[in-house]
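This report refers to the structure that appears directly beneath it.
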Amino acid sequence: MDARENKIKAAEAALTHVESGMRLGIGTGSTAEEFVRLLAEKVAGGFRVEGVPTSERTARLCVELGVPLKSLDELPELDLTVDGADEIDASLRLVKGGGGALLREKIVAAASDRVIVIADESKLVETLGRFPLPIEVNPFGLVSTRIAIERKAARLGLTGGLTLRQSGDGEFTTDGGHYIIDASFGRIPDADALSNELNSIPGVVEHGLFLNMASLAIIAGPAGARTLQANR
């Protein structure tokens with residue numbers, strides 16, 4: 001079973017949790033896009049949902065495939081969000097933001113009664129940090145913000161390169177007009193402490209640590225899809 005087949009299996013399993021009439025947050029990334037394709041097939045058959053996309057990229061795919069969309073202002077409270085992740089630990093703490101949509105993803109997740117994460121088993125980790133942590137920052141004062149991130153991380157014993165994400169000939173820019181610093185801290189033994197430190201930096205708009213937000217994780221591998229509950 002190849003990587004895409006695993007993503008489809010996870011998306012299929014997540015779709016069994018979606019009921020007709022739901023207000024649905026729709027995530028960003030390759031696994032979330034497989035979910036959108038499957039959801040669109042059900043919508044074409046009469047299944048009713050109203051979706052709130054977490055990125056312009058997801059919105060374009062939903063429009064192309066006929067999935068009805070609303071803004072989060074129109075649907076400020078959601079029944080369920082289905083999204084992917086770059087890393088998942090045993091407590092269902094996540095690293096997200098590899099696709100650059102972490103701010104909207106976190107806003108939508110926070111507005112949802114439940115969050116289901118879908119991924120292939122390569123995303124499971126014992127401790128977060130193998131994947132570089134995306135940190136969304138305001139372009140204003142970028143150098144000062146970067147220095148502050150380095151100092152806060154050092155207090156927690158975290159070192160590693162901070163790389164400003166690039167796209168084409170310039171800086172990668174999020175849907176909200178911000179930049180992303182990818183922090184290669186390596187192992188993050190205290191994700192809660194790091195989250196608090198990053199949140200205290202004015203130039204940090206948001207970060208990719210999604211802690212205590214996921215209700216379920218559906219993980220697909222060669223043996224099929226399995227569901228993980230949070231071990232908190």
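The values are calculated or read from the model by the stated rules, or taken from the named source; none is laboratory data. None of these values were measured; they are calculated from a predicted model. Ideal geometry is used to build each Cβ from the backbone, glycine not excepted, and the neighbour counts take in all protein chains shown. These accessible areas exclude ligands, DNA and RNA; they are computed on the full protein's heavy atoms, side chains included. Shrake-Rupley method; radii C 1.70, N 1.55, O 1.52, S 1.80 Å.
Given R0 = 25 Å, the distance between the Cβ atoms of Glu50 and Ala230 translates into a calculated FRET efficiency of 0.40. The accessible surface of the chain, taken with every protein chain in place and a 1.4 Å probe, is 47 percent carbon and sulfur. Of the residues His17, His178, His207, the one that moves most in a GNM of the chain with alpha-carbon contacts below 10 Å is His17. For Thr31, the solvent-accessible surface computed with a 1.4 Å probe is close to 10 Å², ligands and nucleic acids excluded.
Compared with the direct C-alpha span, the chain from Ser122 to Arg60 gains 19.6 nm at full extension, assuming 0.36 nm per residue. Here the chain carries DSSP beta bridges of which approximately 55% are antiparallel, counting only pairs with both residues inside.
Convex hull volume of the C-alpha atoms in the range 105-232, normalised per residue: 135 Å³. Rg/Rh for the range 1-136 stands at 0.95; both radii use Cα atoms, and Rh follows the Kirkwood definition. Compactness of the chain was expressed as the Cα radius of gyration divided by 2.2 N^0.38 Å, which yields 1.00. Of all DSSP beta bridges confined to the range 50-134, the antiparallel ones make up roughly 20%. Over the chain, accessible surface divided per residue gives 46 Å², non-protein components excluded, 1.4 Å probe.
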